[in-house]
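In what follows, a single structure is set out as structure tokens and then discussed.
The values are calculated or read from the model by the stated rules, or taken from the named source; none is laboratory data. All of these numbers come straight from a predicted model, not from anything done at the bench. With ideal geometry, Cβ positions are generated from the backbone for all residues, glycine too; neighbour counts draw on all protein chains shown.
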Amino acid sequence: MAASGRPWTDEERLIVLRFYLQTPFGRIHTGNPDIIAIAKRLDRSGSSVAMKASNFASLDPKIHERGLKGLTGASEADRGLWEQMDQDKQWFAEESERAAIQRGLPGSEAVSAKDMPRDVPTERFAEIKVRVAQSFFRKAVLAAYGETCAISGLAVPELLNASHIIQWSVDEKLRAEPANGIALNTLYDRAFDRYLITFDPRMRVVISPKLRRESVSAFHQTAFLEIDGKELMRPSRFEPDVRALQHHRDVFKTLNG
């Protein structure tokens, strides 16, 4: 029988907040298989795990902007962890991944339990940090957009990427920051990465002059010309960083004249 009434540990909070950030808001309920798995590993009830996730939702400013709300009752420890996560996504990605693996929960696709100890060789640990950041970033960005392309509305996770606004190689501090990401299908991800599309200050699609041709295929017309000026779908959390978007627009203008 699941234990009840005992205080939440820091490790347990890491695991539940990790789940919250990597799960579309509408799926935070006791019937979610991930909640059931977490409850089993933490020796808690599914309702207590769902409640803790909803406590974290109450701390999420984006949820309030959408007129939604989580459960009240978030503890000072919950608030402290939320603030740490908000300030350092790389730290959170690593620590929550380690906590999940130690409790026997699935980790990132490319990281196993033996990879996570802190005493591995420096080069190996650096590789692990990158893979953990990539996994956290992708899952958090796709969850924020409900696993849907923010331009086309395509809802096939296998055909979606978490696109970095400021590219991976440019700023290491933003590698695990979901606010530096947008969920795009693989075609638009490639176009965004190559600065063939960008977004204006009102979050509308701007296409490159290179994509404006007098004679184009029907697919080109539908895929690019018809999205020009289309408004980006807004995420449930992690609103795209305005400074990152401005940086992308600046590079877009430089490359496109």
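Hey, any hits in the stretch 179-191 for a residue that's of a type in the set (Val, Ile, Thr), at pLDDT 95 or above, under 22 Å from the mean Cα position of the chain (by Cα) and surrounded by fewer than 21 Cβ atoms within 10 Å (Cβ to Cβ)? Scanning the stretch 179-191, I find at least one residue that is of a type in the set (Val, Ile, Thr), at pLDDT 95 or above, under 22 Å from the mean Cα position of the chain (by Cα) and surrounded by fewer than 21 Cβ atoms within 10 Å (Cβ to Cβ), so the answer is yes.
Among the residues of the stretch 208-241, those identified as without any contact (Cβ under 8 Å) to a residue 24 or more places away in the chain and not in a loop (DSSP other than H, G, I, E, B) are Leu211, Ala218, Phe219, His220, Gln221, Thr222, Leu225, Glu226. Within the stretch 156-173, at least one residue is closer than 30 Å to Phe56 by Cβ and in contact with a Ser or Thr (Cβ under 7 Å, 6 or more places away or on another chain). What residue, among those in the stretch 150-168 that are closer than 19 Å to Asp200 by Cα and in contact with a strand residue (DSSP E or B) (Cβ under 9 Å, 6 or more places away or on another chain), is surrounded by the most Cβ atoms within 10 Å (Cβ to Cβ)? Among them, the one singled out is Ala150.
For the criterion of being among the small types (Gly, Ala, Ser), within 16 Å of the chain's Cα centre (by Cα) and not assigned by TED's automatic domain parsing to the domain that holds Lys89, Ala133 fails. Scan the stretch 10-52 residue by residue and report those that are among the hydrophobic types (A, V, I, L, M, F, W, C), within 16 Å of the chain's Cα centre (by Cα) and in a helix (DSSP H, G or I). Leu14, Ile15, Val16, Leu17, Phe19, Leu21, Phe25, listed by residue number.
Residue-level check: of (1) buried (at least 19 other Cβ atoms within 10 Å of the Cβ); (2) in contact with a Gly (Cβ under 6 Å, 6 or more places away or on another chain), Arg44 misses just (2). Checking each residue in the stretch 144-170 for being of a type in the set (A, V, I, L, M) and either on the phi > 0 side of the Ramachandran plot or assigned to a loop (DSSP other than H, G, I, E, B) (or both) picks out Ala150, Ile151, Leu154, Ala155, Val156, Ile165, Ile166, Val170.
Over 16 Å from the mean Cα position of the chain (by Cα) and either assigned by TED's automatic domain parsing to the domain that holds Trp91 or on the phi > 0 side of the Ramachandran plot (or both): is that true of Ile197 in this structure? Considered against the rule, which asks whether it is over 16 Å from the mean Cα position of the chain (by Cα) and either assigned by TED's automatic domain parsing to the domain that holds Trp91 or on the phi > 0 side of the Ramachandran plot (or both), Ile197 comes out as no. Do the conditions hold for Glu97, that is, is it of a type in the set (D, E, K, R) and at pLDDT 70 or above? Yes.
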